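In what follows, a structure is listed as structure tokens, so that the remarks can point back to it.
Just so it is clear, none of the values below were taken in a lab; they were calculated from the coordinates. The shown structure was predicted, so the numbers you read here are calculated from the model rather than taken from an experiment. Ideal geometry is used to build each Cβ from the backbone, glycine not excepted, and the neighbour counts take in all protein chains shown.
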Amino acid sequence: MWNGQRVAVVLPTYNEHLSIAECIRAFSDLDVVDDIVVVNNNAHPDTSPAVAETNAREVHESTQGYGAAIRRGLAETSDADLVCICEPDGTFEPADLLKLLAYSADVDVVLGSRTVQTFILSGANMGWFLRWGNWAVAKLTEVLFNTVYLSDVGCTFRVLSRSAVDAISPRWHGKGSPAGFEMMLVAVDLRLDLVQIPVTYRPRVGESSVTGDRLKAIRLGLEMIGMLLKVRLGGRSGPRSQG
């Protein structure tokens with residue numbers, strides 16, 4: 001627990017069988033996590049045996065896509081006060097959860113950022129194209145919504161309060177890769193209290209199906225910009241708070 005609050009970690013997995021067990025153990029070793037849920041999203045067959053060697057519980061989600069896996073994970077952790085979402089691909093440092101939790105008493109949504117040069121480790125897939133592309137879309141979001149400082153739209157390491165999960169869920173519908181940005185965008189549009197802080201970014205174990213391909217990354221970036229403009233121009237799927 002963290003300051004008397006129950007903490008859960010949701011790990012969506014598709015092709016992280018080589019790194020997921022180490023990730024789970026690292027979260028467990030922090031002694032603040034009460035529940036670790038691995039959402040098997042039609043994952044590699046070696047995933048289940050790897051998870052079985054840890055204290056995490058595995059659930060299966062047949063609907064393909066990052067967003068579908070996260071929604072299942074949020075549903076499975078409905079008794080948690082604070083929910084951490086992280087990808088178990090070796091790029092993130094589980095110990096950074098303590099850094100994110102430190103802000104959870106003040107804000108409802110704590111987002112990680114991978115674009116601060118100091119925290120990008122050698123070999124990480126954050127070259128100039130991805131780094132400045134994420135920064136540009138983040139700044140566009142910041143300006144159009146007059147919101148807090150943002151520097152990354154693709155970081156999937158974050159902590160949400162239960163009230164934030166309940167507020168975001170009715171308007172969060174994405175299934176694929178942009179789902180993480182959509183969650184951020186809904187939080188911004190609802191004027192939830194949020195902050196974005198740097199987290200360590202390491203080389204991935206295995207190859208990403210998105211950021212490992214520049215053309216796919218460009219398409220994803222354009223999809224995010226389209227989503228951003230749609231929400232800003234009034235195409236939102238639910239009511240906006242008046243805060």
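How long are the three semi-axes of the equivalent ellipsoid of segment 81-154, in whole Å, if each is the root of 5 times an eigenvalue of the C-alpha gyration tensor, listed from largest down? Don't skip to the answer; put the middle values down first.
Values: eigenvalues 85, 75, 18 Å².
In descending order, the three semi-axes are 21, 19, 9 Å.
Taking each DSSP H run with n ≥ 4 as -39500 (n - 2.57) and averaging over every residue of the chain yields -10500 deg cm²/dmol at 222 nm. Taking the charge dipole of the chain about its Cα centre, with +1 at Lys and Arg Cβ atoms and -1 at Asp and Glu Cβ atoms, the residue from Ala56, Trp128, Met1 reaching farthest to the positive side is Trp128. The stretch between Asp34 and Glu142 holds 35.5 nm of extra length on full extension. This uses 0.36 nm per residue minus the Cα-Cα distance.
The lysines whose alpha-carbon is closer than 20 Å to the alpha-carbon of Lys175, local same-chain residues fewer than 8 away aside, are Lys216, Lys230.
Label zone of Lys175 (point 7 Å out along Cα→Cβ, amide N under 11 Å): in segment 49-73 this covers 62-69. Annotation note: GluC sites (Glu not before Pro) in segment 124-231 located in DSSP loop regions with a Cβ neighbour count of at most 16 within 10 Å are Glu207. The magnitude of the dipole of segment 16-63, with charges of +1 and -1 set on the Cβ of Lys/Arg and Asp/Glu and taken from the Cα centre, is near 100 debye.
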